[in-house]
Amino acid sequence: MPSRPSTIPAAQPLDRRLAAALLFPLRGAALAALAGLVLAHALTDLLPGILGLAGDLVVWASILMYAMQCLRRTADGHAGAPEVSLYSNYGPALSMLLLQALAFISLVLAIKGVPGAWLVVLGVVLMLPVIAMSLAFEDHLLAALHPLRWGTVLAAFGPAYLVPVAVGSAEYLAYIGYLRHDGWLGRSLWFAAVAYLCLLQFHLVGALMHRHHEKLGHTPEADTLADASGRDADAHLLQQARSLSGRGEHQAAEALLRDRLRERHPPLHVFAAHRALLHRRDDRDALLAWAHTHLNRMLDEDQLRPALGLVGECIELDPDFMPEYPALAGRLAEAAADQGMTRLALKLARGYPNTWPRDPKAPDYGLLAARLLAERMRQTAEAGVLAAKLLRAYPDHPARPRIEQFLHGLDMHPDGHGEASA
C-alpha cells in the first residue's frame, strides 16, 4: 500500500485545529526555519552600518517568504510545514514586506504620538490576513488590495477571521518589545517571538482558507494528491478482499481491510466493506468491538453521519450499548441532537449519567436528556422527574441553577413527582 500524504480534513473546524496550530511553528521544518531565522537575525545584529541594515531586510523578507509558503501549504490541506527552499517566488514576500514596513513605521510614529498613525496600524492589522491570502496564490498586490476581494473572504471566514487578526495584534505588541530592547539577547528573544507569531498567523489564515476552499473557489492540492495516490490502491485492495471472501477466506479479507483502516484517512467504502464482512459471519461481539475501536477515529476524520449511523446500529444489536469513553459519548449526543436524531441523542444523553455518574459533565448531559424529552418529545412529566433526580444526585454541582431553571420552566417543584431512571 503506497504511503499517503499527511493531510487535514477540510471540514475540521478551526477551534479543533488551534492546539496543533500553536505548535505548528515549533515542529519539523518550521522549527528549523524559525531557528535559522533567529540565528541569522542575531548575526546581522552584529554587523555594522549598512551591512547590518541590508542583512536585517533580508531576514525580515525571509520570514515573510517562508510564512507565505506555510500559508499555501496549509491552504492546500497539508498537515506539515514546507521545507525551506531558496528557489521561491520573492514577489509576494516583497509585497508583504512593504505592507509590514508601512505598519511598523506607522507603529513607531504612533508610539511617538503622531496623529493618525494608529489608524494605519489598525488598518494593516485588520486586513493583513486577507491580503496575505491573496498574495500567496496570485502575486498581484493591486488585486489583493481590492475591497471586493476582502468582502468575499470576510463573508466566507465569518467571525473566525478575528483569530489570525488577534495573532497579528500580538505580533505587533511583540515588535514593540523588540524596538524597546537594545541588548543583543533581548532583541533576539523578541525577534523570535515576532517570527513565531508571524508563522502562526499565516498558518491560521491557510487553515481558514482550507476549511472554506469551496466558497473561495480553491482546490486543495492535498486532495488531488491523495486521490491520485490512494483511489486506485483502495480499489485494488477492495478487489483483493472480494476475491478472498469469494473463495471463503473471510478472515484473510478482514485482516486485509483491517490493516488499511489503521492508516490515515481510510475512505468510507473501506469502512463499509470491512463491517460488511463482520455482518457476514453475524458476529455481534465483533461488530460491537469494531464500533468501540473506530468510533473515535471516525469523528476525528469528520465522518459524523456515518458515526451516528454506526451508533444506531450498535444500539439495535445491544440496547445497552454506550461508547467507550465519556467524551466520545458526549460529542455523539450533542451531534445527534444537532442533526435532529432525537431518539439517538436521548439514548446517549440519558445513558451518560447512568454510565459515568461521577463524571463532571454527567448532570449536563442528564439535563440535555430532560430538554429533549420536554421540548422535542413533549414528555414534560418524565422530563421533570429526570431533572428532579439530577438535583438530588448532584446537589452541589454548578449545573444546579440551570436544572432548577429548567424545572421552573416546566412549572414543577424541584422535588419532582416520583422516581425514574436517568
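FYI, it's all coordinate maths here, none of it is from the lab. In this text the structure is predicted, and so the values were computed from the model without any measurement. Glycine gets a Cβ as well: all are built from the backbone with ideal geometry, and neighbour counts include every protein chain shown.
The table that follows gives values for the structure above.
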{"quantity": "Spatial separation of Cα centroids for region 295-311 and region 344-372, in angstrom", "calculated": "20 Å"}
{"quantity": "Whole-Hz couplings from phi, Karplus 6.51/-1.76/1.60, listed for region 21-26; x for Gly and Pro", "calculated": "4, 4, 8, 3, x, 10"}
{"quantity": "Vicinal HN-Hα couplings computed from phi for region 322-335 (Karplus, 6.51 cos²θ - 1.76 cosθ + 1.60; Hz; Gly/Pro x)", "calculated": "9, x, 6, 10, x, 4, 5, 4, x, 4, 5, 4, 5, 5"}
{"quantity": "Per-selection Rg to Rh, region 14-219 - Cα, Kirkwood hydrodynamic radius", "calculated": "0.95"}
{"quantity": "Test item: Cα-centred dipole of region 14-219, Lys/Arg +1 and Asp/Glu -1 on Cβ, debye", "calculated": "340 debye"}
{"quantity": "Peptide ranges 200-211, 112-123 listed from the most packed, as the mean C-beta count within 10 angstrom indicates", "calculated": "200-211, 112-123"}
